[in-house]
Each structure stands twice: as C-alpha cells, then as structure tokens.
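Below you'll find the structure I mean.
The values are calculated or read from the model by the stated rules, or taken from the named source; none is laboratory data. Since we're looking at a predicted model, the values are computed, not measured. Cβ atoms come from the backbone with ideal geometry, glycine included; neighbour counts cover every protein chain shown. Heavy atoms of the whole protein, side chains included, go into the accessibility calculation; ligands, DNA and RNA do not. Shrake-Rupley method; radii C 1.70, N 1.55, O 1.52, S 1.80 Å.
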Amino acid sequence: MKKLSYLFLFTFFALLFTGCQEDEPSFPSSENPTVEVLTNEIYGAPNRKFEIKATLNDDLGLKSVRIEIPELSLDKTINFATEPLLTTYDLSYFFEVPADRGTSEAFKIKLTITDVSGNEIDQEIDLRLDGEFSAPAISMITPKEGAVILLSSSTELPVNFVVNDDSGIDYIEVKCEALNIDELIQLTGSPQSYTFNKTYNLPVTAAQYVLTITAKDKFAIPNMGTMNINIVATNEYPAIYLCDQPKGTNLTTDAVGVPMYFHTKVGQDFEFKYYADTDNKEIYFLGQESDFAPHCFGLNASGDLVDDVASSAIVLPTKGYYKIKVNPSTLDYTVTKYTPTSYVWANIANGLWHDDETQRRPFVSIAGGGIQGANWDTWNAWVQTSLHLANNPNNPYQLVGEYTLTGTMEGTFTGQWWSPSWRLIKNGIATMSPGSNGNAKYPAAPGVYKVILDTELERAFITKK
C-alpha cells in the first residue's frame, strides 16, 4: 500500500513539474545584447535628480535591465514583456541623490542587460556629485527693464551688465535685430565674473526695442542664461511714476503699485492723486517703472525740479490726500492738498452675505488666481475669511489686509455677486466695475504681502511684507 502511495505521489509531481516546464517559453541561442549610453560620465548633486539614459538592443529579444548603485541603495530591475519580444529599448531612469551625500563623492552606476537567451552584459557609468546646474547669472546695471531713453536728450544706449558663474563663463552674446546689434564675446580662461560695458547709438525715430543678452558657462554640460530687456526710445515720456520709497530700494520686489502710475495725462502734463500716510512724506517722480535711473525727478539745492538721480526728495508737509501735477519736459510741478468726496465703504469688516438685499452688510474680498485660498467664485471670496479686507482705522478710503501669493497673480476685489467690485487692471489701477479693461497678470515671488485698496485713488498696493 505504501509503495502504491509513493508511486502515485512521484508520478503526480513529475507531471506537475513537466507541465510547469512546458509553460515557460524557451528561446534559441542568440548574440549578446548591446548597450549605448548617452554619456560615460553623469553629473549629479545631493538632493537632486539625475537621469540615466541608454539605448538597449538585442537581435532576438531583451529580458531585463538592472540598475545598481549599492552605496546609494539603488537596485532597480526593469523586466520586459516577451510577447511580443522587445528588441530595442530607450532607457530613461531618474534617481534622486540623498541629501546627506557629499559633493566630492563619486560612484559607479552598473547596468546589467539580460536577453531572453540568458546572455548578460554589464555597462558602468561614472557618477559624480560635483555637478553645477545653475545658469550664468546676469545682473543688469543699465538699461533696466522698461527703461525710457529720451531722444531729445540723448541718442545713446549704454549697456552695462555683470555675468557671474561658478564654473566659469564661455561666452556672452548681446543682440538686438532692430538696432543691428549682434555681438559675441568669446572669453578666455573661463572667468567666473565678467563685466560688459558698451554704448550703442539709437536712431532718432521713437520706437521700442528688445535687447537680448545670453551667457553660456564652461561646465561639462553647459548651462545657458538669457535675459530680455525692453527699452522705449521716445521723444516724450509715455508715463511718469510717483515713488515714495527711499533711493536704492529695489522697485521690482513688490507685486503691484510701487511705484504708482499716473492718473491723467495731457501732452506731457501728468497728474497724480496721492495719499501721504505721514507728515513730511518724501516722494520722487520716475521716468521708468523698475528703477531710479536713468530718469529721477527731484529737487536741486535751489528747490527747482531737476532730472537727476542725485536730486533730493519733494516733501509733502502733512498727512492726507494730494493732487500733484508734473511736466517732465518743462520741469514744472504743483502740489495741492484736497479732501476726498468719494463714497466711503465703511464697516466692511462686519460684512454679511445674505440673499435678502435689505439684510446685507458689505464686505470686500478678492477673487482671482495666484492667491492662496482664492479662485474666481464670489462665494469662495466670502467663505474664505482670510481673504477679507478691513477698514483702515487711519483712512476711511482704504481697505487693508494680507494675502499669501503663490506666483503670478490676478484678481478682482469683490463683495457679494461682484457688488461692489474693483477690477485690478494693468499698472495697479483698481477701477470700479463694470469696466472695459480686463484683469492684468502680475508676476510675484511667493510669500506674504500687505494689501491696500485705496478706493479714492482707485489704486491697489500689494507689497512684500
């Protein structure tokens, strides 16, 4: 009886084993697989991903590729389907170097390629962690973005900038097709810093130009840095800005309203409405939006208005609203204090949404994009109380708050169902809707910003906290 049982079990397992063997595909002998790597040396850095790229081939079919870096705990096998057989494969595998590794470390990446016939080949790639991936940094001295060049004063375009790069600079290129500028400067010795300073001539015809500056570094895998500078060459100023910041302030860090755009323009007579939040408020007029140079209007030692970066500020003696007129061509200006008569949006901090209009109390929030918690739904603007503005206790015409910006922003300050609402259009102008102008997009670095909506000025000021 025992013999029969053993015989039965032996036969059963033999058949089972044979069946399993028959299920596994068998392949004839073939040539070894081949591998072609994109580069034999890869640069990485701690806390940064790098890419392993290679082309795998086999005359019959590929079975798998194994990727190993034992020191970084990388052991990844990619298996390929055999129905149908895969004869070529473009490997693209990303791996992030742990943050605790050192930039002086180096490793071997081992690729093991196996084909369906059982042939294996190995390929090693060097991995270095001293990679440099930053593009050359271009710092403009002049002209700044949006610079205005007054042709009645000069037809020269001074171009002055500094390029810095840790791995050394290969070349610098300055281009402006409309001005026939096409200059390539090939540097020797791979300097880490280079200063470019040259003056070009402008035609006497008013026009807008785009100056393109490109720099390439000398790293093993070169990085490129490019900057476009928009320039306005004109016989008269298209805009004048009022600036209440100290000289030397970076005027590009705030999102909206600094410096402040003019209100009306007749010829070269510009008029502003402005609120001085303190006594003895100091202001300048600027001929460009992003910098104090080249056109900064202030006072000379005799108290006359001059176009001079070294000029002194105009002082508004007492706190309050002013109407200010300035002509940058004749260098005349007037300052008149006034009392606003526009509507006061009071008690908005106690606002209440209600379907019955008689039971509503006003609130002002914001709908838009690039603002944490905001979207384009006025219901969301109501329920997201962190977006609500409050009355400024020191100025009844100002609504104030704080927003966290997440990037380029646009928005409309709004109450219930867009009533009331102020659309934020270009140049910081916040007009009461309805209006014909669409919302503007404002580039902004992520962070917390102070918000002032001045309903008398119809201007918004969103400044980095």
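Express in whole angstrom the spacing between the alpha-carbon centres of segment 204-218 and segment 116-165.
15
Treating the beta-carbon of each Lys and Arg as +1 and of each Asp and Glu as -1, no other charges, what is the dipole magnitude of segment 127-276 about its Cα centre, to the nearest 20 debye? Spell out each step's value before the answer.
Numbers: 9 positive and 17 negative charges, 32 e Å.
Taking the Cα centre of segment 127-276 as origin, the dipole is about 160 debye.
If you roll a 1.4 angstrom probe over the protein chains with everything in place, what fraction of the accessible area of segment 146-229 belongs to carbon and sulfur, to the nearest %?
46
Per residue, how much accessible area does the chain show when a 1.4 Å probe rolls over the protein heavy atoms, in square angstrom? Please report the intermediate quantities before stating the final value.
Working: 24420 Å² over 465 residues.
Per residue, the chain has 53 Å² of solvent-accessible surface.
What is the distance in Å between the Cα centroid of segment 295-374 and that of segment 25-69?
Taking the Cα centre of each part, segment 295-374 and segment 25-69 sit 64 Å apart.
For the chain, take the longest principal axis of its alpha carbons; what is the angle in degrees between that and the long axis of helix 2-23, to the nearest 10 within 0 to 90?
Tilt relative to the chain: about 50 degrees.
Taking H placed 1.01 Å from N in the peptide plane, check which residues at least 5 places from Ile181 or on another chain put their amide H under 5 Å from its amide H.
Cys176
Take the solvent-accessible surface of the protein heavy atoms, probe 1.4 Å, and return the percent of it on segment 93-132 that carbon and sulfur atoms account for. Before the final figure, lay out each step's value.
On the way: 820 of 1980 Å².
Carbon and sulfur atoms account for 41 percent of the accessible area of segment 93-132.
Additional query: Could you please state how large a percent of the accessible area of segment 249-401 is carbon and sulfur, counting protein chains only and using a 1.4 Å probe? It would help to have the intermediate numbers written out before the result.
Details: 3590 of 7370 Å².
Answer for segment 249-401: carbon and sulfur cover 49 percent of the accessible area.
Next up: Which residue, Phe272, Ser134, Ala349, has the largest displacement toward the positive end of the dipole of the chain when charges sit on each Cβ (Lys, Arg +1; Asp, Glu -1)?
Towards the positive end, the residue furthest out is Ala349.
Please state the charge dipole magnitude for the chain, taken about the Cα centre, from unit charges on C-beta atoms (+1 on K and R, -1 on D and E), reported in debye and rounded to the nearest 20. Show your work: numbers first, answer last.
Details: 34 positive and 57 negative charges, 357 e Å.
For this selection, approximately 1720 debye.
Expected output is a single nm value to one decimal: the length gained when fully extending between Thr103 and Thr249, i.e. 0.36 nm times separation in residues minus the C-alpha distance. What is it? Walk me through the numbers on the way to the answer.
Working: separation 146, 0.36 × 146 = 52.56 nm, distance 3.66 nm.
The span from Thr103 to Thr249 would gain 48.9 nm if fully extended.
Please pull out the direction-averaged projected area of the chain, using the convex hull of its alpha-carbon atoms, in nm² to one decimal place.
Numbers: hull surface 159.8 nm².
For the chain, averaging the hull's shadow over all directions gives 40.0 nm².
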